[in-house]
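Shown next, in structure tokens, is the structure this report addresses.
The values are calculated or read from the model by the stated rules, or taken from the named source; none is laboratory data. A quick note: this is a predicted structure, and the numbers were derived from the prediction, not measured. Positions of Cβ are backbone-derived with ideal geometry, glycine not excepted, and every protein chain shown enters the neighbour counts.
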Amino acid sequence: MRLVPLVAFVAFCALANLAGWWWFNRPVPVGLTFDEPFPSVSFAPFRRGQSPISGDYPPPAQIEEDLKSLVGVTKGIRTYTSREGLDVVPALAAKHGIELTHSAWLGQKPEINAQEVQALIAAANAHPDSIKRVIVGNEVLLRQDLPVDRLIAHIREVKSKVKQPVSYADVWAFYLRYPQVAEEVDFITIHILPYWEDEPIGVEGAAEHIVKIYRLIQAKFPGKPILIGEAGWPTKGRNRGPAAVNMENAAFFVRTLAKVSKENGFDYNVVEAFDQPWKAKLEGTVGAFWGVVDTHRAVKFSMSGPVVANPHWAIQGAGAALLGALAALALMRRAANFTPVRALIVAVLAQILAAAVVWQGLNAWTIAYSPLQDVWAAARIIMHCIFAGIILRVAAASLEEGAPLASSHWGGRFAVFYGVCVWAICMLIFFNGRYRDIPNLEFLVPCLGLTAWGLIRLFVLGLKWPEAFAISRLFAGELPARVKAAKEATIALLIAAASAPLSESLALYLGEDFQSMHPDWSQQAPLLAEIAFANGEMLVWMAMVLVMTIPYWAEWRLGKGRG
């Protein structure tokens, strides 16, 4: 093949890759519009590297910078502690004209609780103009940090010493479990988070759910003012059942919350102002991405118009296209050794692998939340790059005219390693998957790369399907000619694939609210079956596991044929 047509093929594939990036990141219409300031947003001005767990608190200058950025965006803010550097917030809120719902954080340590309560009382009395109401404890009963009588004692202490209305904040169900708490507070603060419900609710049902829960609490405690203390939607992390995590769903939910609350006269607080990287340590990736503003202090989405999931897609897509083009040209430097069809195949494979590497790499860097996580992200990125390079090199060398099948010392070992990882991750998700990411992006390279190479061996190189896909043959026999555990590996991976959707059913079944609301198996069974197939991200993962099972199944079939 001549050089000029080769370059044209490579350029065409690169443009197709870039077009794919545009397609997946094109503006998505959201529909709802609500351009008014929020009544309140959760304010925790931690940035990357700062965390209440490690004791690295934001300095006053940073707190004021973040507070000033919210002027015009919200009328008020809600804090979660009166200490840990946030003692400066009341004065700063008064300075910038922002109303404050100030709080005391209660946990398992009595001495810390006493300090929190005293700090809240002192702040409320010193800043009556900016502190409009106070909250004593956040999800203490959910975490089981304190018995209800001890919580009530703290509430009573604060009520006796401040003039502002006093409340306690928790998931709405805990006010139903502990109605005595409602008798102690001046107003009820409930968290309505459809994503985190035992029975997750998709964003389409958010409006109905918000109204339903509010009316339920209103009917249970007539006459008590109600604040929706937390309501929001994550922009990154794993899906839960029908609750899909992405930018457009977050925008739709927040706009829905604002619209429904205005129509019904609900008081609400959006969780939260800024993404909190440190929360990933407690809640997985999804815990770090509830902000309407990201860690770089860029607004994620507006309250009107379409939403762009990734505003930097053009640069990233161009990088992936260029990487794929350079790799293809480097491996086909002897253009005359390739027919047009085979040159096109190498160019397409290079773009697929380059897109997978860049997409995985961007995701790995985005979800890393500490220096140790950075190292782990870099290790995964390097590993994917190496494996993608091995697949592409072996494919290109094997597609040269008259060339024998190329081999790789490490290719087969990488393939087996990824297979073991797939099984282990599936088991972790099944037995304890509430906060674990569904690792679709992490396995794009082995899933797409091995499958594409197997198909090339089958349809282009003319091998029979067991020979084309068998794990011992993909990289020219670098593993033993017959992998003895192929049968066991196939069965194990099939079980792992089946466990993926079943993990959603198990998580639902173990939920306390689910058990109490649906005590009979006749009620539980259809809900458990429904949620097993409600999570599209999990179904994609199951499909990827099945695809990655094919090399082991082919090896098993190859062995049976010889036996």
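Given the conditions (1) closer than 25 Å to F46 by Cβ; (2) touching a helix residue (DSSP H, G or I) at 6+ places or on another chain (Cβ under 9 Å); (3) of a type outside the set (D, E, K, R), and given that N246 satisfies all but one, which numbered condition is not satisfied? Unmet for N246, out of (1) closer than 25 Å to F46 by Cβ; (2) touching a helix residue (DSSP H, G or I) at 6+ places or on another chain (Cβ under 9 Å); (3) of a type outside the set (D, E, K, R): (2).
Table: residues versus (1) assigned by TED's automatic domain parsing to the domain that holds V134; (2) in a helix (DSSP H, G or I).
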{"residue": "G229", "(1), (2)": "yes, no"}
{"residue": "T235", "(1), (2)": "yes, no"}
{"residue": "E263", "(1), (2)": "yes, yes"}
{"residue": "R297", "(1), (2)": "no, no"}
{"residue": "Q316", "(1), (2)": "no, yes"}
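For the stretch 269-295, a residue qualifies if it is aliphatic (A, V, I, L, M) and either surrounded by fewer than 21 Cβ atoms within 10 Å (Cβ to Cβ) or assigned to a loop (DSSP other than H, G, I, E, B) (or both), and the qualifying residues are V271, A273, L282, V292, V293.
State all residues of the stretch 507-517 that are of a type in the set (A, V, I, L, M, F, W, C) and surrounded by 15 or more Cβ atoms within 10 Å (Cβ to Cβ); if no residue qualifies, say none.
Taking the stretch 507-517 first, the residues of a type in the set (A, V, I, L, M, F, W, C) are 507-508, 510, 514, 517.
Correct list: A507, L508, F514.
Within the stretch 148-174, being more than 27 Å from V270 (Cβ to Cβ) and of a type in the set (A, V, I, L, M, F, W, C) holds for V148, I152, A153.
The residue of the stretch 169-191 that is farthest from Y80 (Cα to Cα), among those that are more than 33 Å from the chain's Cα centre (by Cα) and buried (at least 21 other Cβ atoms within 10 Å of the Cβ), is V181.
Out of G55, G31, G49, G72, report the one residue that is in contact with a Pro (Cβ under 7 Å, 6 or more places away or on another chain), at pLDDT below 95 and not aliphatic (A, V, I, L, M). Unique residue meeting the criteria: G72.
Screening the candidates G85, G97, G107 for the property of being of a type outside the set (D, E, K, R) and in contact with a Phe, Trp or Tyr (Cβ under 7 Å, 6 or more places away or on another chain) yields one hit, G85.
Could you list all residues from the stretch 423-470 that are among the β-branched types (V, I, T), farther than 19 Å from L353 by Cβ and over 28 Å from the mean Cα position of the chain (by Cα)? Lay out the reasoning, then the answer.
Taking the stretch 423-470 and keeping what is among the β-branched types (V, I, T), we get 425, 429, 438, 445, 451, 456, 460.
From the residues that got through so far, the ones that are farther than 19 Å from L353 by Cβ too are 425, 429, 438.
Within the stretch 423-470, no residue meets the criteria.
Where helices (runs of 4 or more DSSP H) sit wholly within the stretch 354-470, those with at least 3 residues that are in contact with a Pro (Cβ under 9 Å, 6 or more places away or on another chain) and not assigned by TED's automatic domain parsing to the domain that holds L493 occupy 371-398.
Of the residues in the stretch 202-221, not one is more than 25 Å from the chain's Cα centre (by Cα), part of a strand (DSSP E or B) and on the phi < 0 side of the Ramachandran plot. Only one entry of A258, A298 meets the criterion of being of a type in the set (G, A, S) and either buried (at least 21 other Cβ atoms within 10 Å of the Cβ) or in contact with a Cys (Cβ under 9 Å, 6 or more places away or on another chain) (or both), and that entry is A258.
Taking the listed residues I381, I367, I386, the one that is β-branched (V, I, T), surrounded by fewer than 20 Cβ atoms within 10 Å (Cβ to Cβ) and in contact with a helix residue (DSSP H, G or I) (Cβ under 7 Å, 6 or more places away or on another chain) is I381, with no other qualifying.
Considering (1) crowded, with 18+ Cβ neighbours inside 10 Å; (2) among the aliphatic types (A, V, I, L, M); (3) in a loop (DSSP other than H, G, I, E, B), the lone condition that I77 does not fulfil carries the number (3).
Take D129 and tell me if it is closer than 23 Å to E99 by Cβ, assigned by TED's automatic domain parsing to the domain that holds A94 and surrounded by fewer than 15 Cβ atoms within 10 Å (Cβ to Cβ). Step through it out loud before you land on a result.
Values: closer than 23 Å to E99 by Cβ: yes; assigned by TED's automatic domain parsing to the domain that holds A94: yes; surrounded by fewer than 15 Cβ atoms within 10 Å (Cβ to Cβ): yes.
Here the answer is yes, as D129 does meet what is asked.
Let's see how each residue does on (1) under 25 Å from W233 (Cα atoms); (2) under 29 Å from the mean Cα position of the chain (by Cα); (3) hydroxyl-bearing (S, T, Y):
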residue: R48; (1), (2), (3): yes, yes, no
residue: G55; (1), (2), (3): no, yes, no
residue: I77; (1), (2), (3): yes, yes, no
residue: E99; (1), (2), (3): yes, no, no
residue: L120; (1), (2), (3): no, no, no
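Selection of first residues in the stretch 512-529 that are among the charged types (D, E, K, R) and of second residues that are assigned to a helix (DSSP H, G or I) and surrounded by 13 or more Cβ atoms within 10 Å (Cβ to Cβ), restricted to Cβ pairs under 9 Å at least 6 apart or on distinct chains, gives the following pairs, ordered by first then second residue: E512/A173; D513/A173. Number of residues in the stretch 485-502 that are farther than 23 Å from R434 by Cβ and either in a helix (DSSP H, G or I) or in contact (Cβ under 8 Å) with a residue 40 or more places away in the chain (or both) equals 9.
P90 - would you say it is in a loop (DSSP other than H, G, I, E, B), assigned by TED's automatic domain parsing to the domain that holds V260, modelled with pLDDT of 95 or more and not small (G, A, S)?
Working: in a loop (DSSP other than H, G, I, E, B): no; assigned by TED's automatic domain parsing to the domain that holds V260: yes; modelled with pLDDT of 95 or more: yes; not small (G, A, S): yes.
No, not satisfied.
Comparison of F274, F301, F252 shows that the only residue that is within 23 Å of T101 (Cα to Cα), among the aromatic types (F, W, Y) and outside the structural domain of V445 (by TED's automatic domain parsing) is F274.
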